[in-house]
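Asker: The structure under discussion is supplied below as structure tokens; questions concerning it will follow.
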Amino acid sequence: MNNAEQHDAFLDELGIGPVWKLRDSSASIATISHVAEIVPVPHVVMTVPAHIPVSDGLPRTLATDSLPNATTTLAPTATDMHQPISIVPATSIAVAEMDWTSLESTVAACRACQLCEGRANTVFGVGDQRAKWLFVGEGPGYQENLQGKPFVGPAGHLLDNILRALGMQRGENTYIANIVKCRPTDAQGKDRAPSPEEVAACLPYLKRQIALIQPEVIIALGKTAAVSLLDLNPETPVGQLRGKLHRYQSLPLVVTYHPAYLLRKPTEKSKTWEDLCLALRSM
Ligand code: URA
């Protein structure tokens with residue numbers, strides 16, 4: 001299989017259509033530099049691969065601005081875990097100067113909002129610390145909370161397929177993180193969107209991760225990631241934000257649908273593919 005055929009096979013696997021082909025079909029999509037040369041080829045395979053369970057929770061909605069907050073630099077101890085939540089204010093300046101090691105241990109010990117009470121693990125983020133691509137989701141779900149890694153449930157499997165379709169894989173030139181590092185749940189124990197206060201408490205950590213990584217492009221997966229990073233009205237629909245190039249500080253940011261939403265609405269996968277082509281073009 002040549003590169004282009006391999007790429008198409010990935011898209012078939014992913015159920016993404018239409019497939020976008022380079023006029024020069026010998027080139028790989030991962031090396032596109034002139035996206036004006038891309039032409040759409042109608043190809044509608046809108047099925048979810050059988051190995052991907054279509055059971056992730058509803059897309060979450062909220063999030064807002066980025067007030068400073070939180071922290072201590074020590075790893076959590078059993079005693080810490082029983083301390084009341086202590087908001088240590090105005091430490092975002094300290095967070096903004098941390099290296100990876102202190103940032104990660106600070107997140108692991110964080111008690112800046114009530115989400116710390118129900119967590120099994122914080123979910124710091126994974127990947128290449130010099131990645132060109134940064135994918136940002138909303139917050140850990142059930143599996144992520146158990147495993148301490150982002151996007152390891154059903155939505156994560158789809159994200160892995162999306163990465164493969166781009167000629168990439170987790171950890172290689174990609175970093176995956178979330179807006180909040182602890183799992184938000186409702187009274188029934190189901191996933192929910194983080195509250196604006198929870199987002200505000202956690203966002204300095206992601207901002208520091210972005211500053212350390214300095215990615216070439218940020219992909220905001222879903223509304224929470226988009227409105228939090230762009231500091232927009234939390235009610236702004238993803239449909240209004242996708243399809244254009246935004247900036248987080250000076251970095252290009254592309255908004256697309258959350259993989260959990262795509263699992264429920266596979267017909268929207270083609271739009272995500274268009275958004276990823278836009279991201280490629282911005283690099
Ligand atoms: N959804 C997210 O937004 N992030 C994860 O890590 C998993 C599911």
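Asker: How far is the Cα center of the range 167-203 from the Cα center of the range 113-138, in Å?
Answerer: The range 167-203 and the range 113-138 have Cα centres spaced 6 Å from each other.
Asker: Just tell me which lysines come within less than 19 Å, Cα to Cα, of Lys149; anything on the same chain fewer than 8 places away is out.
Answerer: Once the sequence-local lysines are set aside, what remains near Lys149 is Lys181, Lys190, Lys207.
Asker: To continue, here is another question. Can you pull out the trypsin sites (Lys or Arg not before Pro) in the range 179-283 whose DSSP state is coil and whose Cβ has at most 13 other Cβ atoms within 10 Å? Mind showing how you got there, number by number?
Answerer: Numbers: sites: Lys181, Lys190, Arg192, Lys207, Arg208, Lys223, Arg242, Lys244, Arg247, Arg264, Lys269, Lys271, Arg281; in loops: Lys181, Lys190, Arg192, Arg242, Lys244.
Here the trypsin sites (Lys or Arg not before Pro) that fit, given the DSSP loop and packing criteria, are Lys190, Lys244.
Each reported figure results from applying straightforward, stated rules to the coordinates on display, with no laboratory input. The structure presented is a predicted model; accordingly, all values stated were derived computationally and were not measured. Every residue, glycine among them, receives a Cβ derived from its backbone with ideal geometry; neighbour counts consider all protein chains shown.
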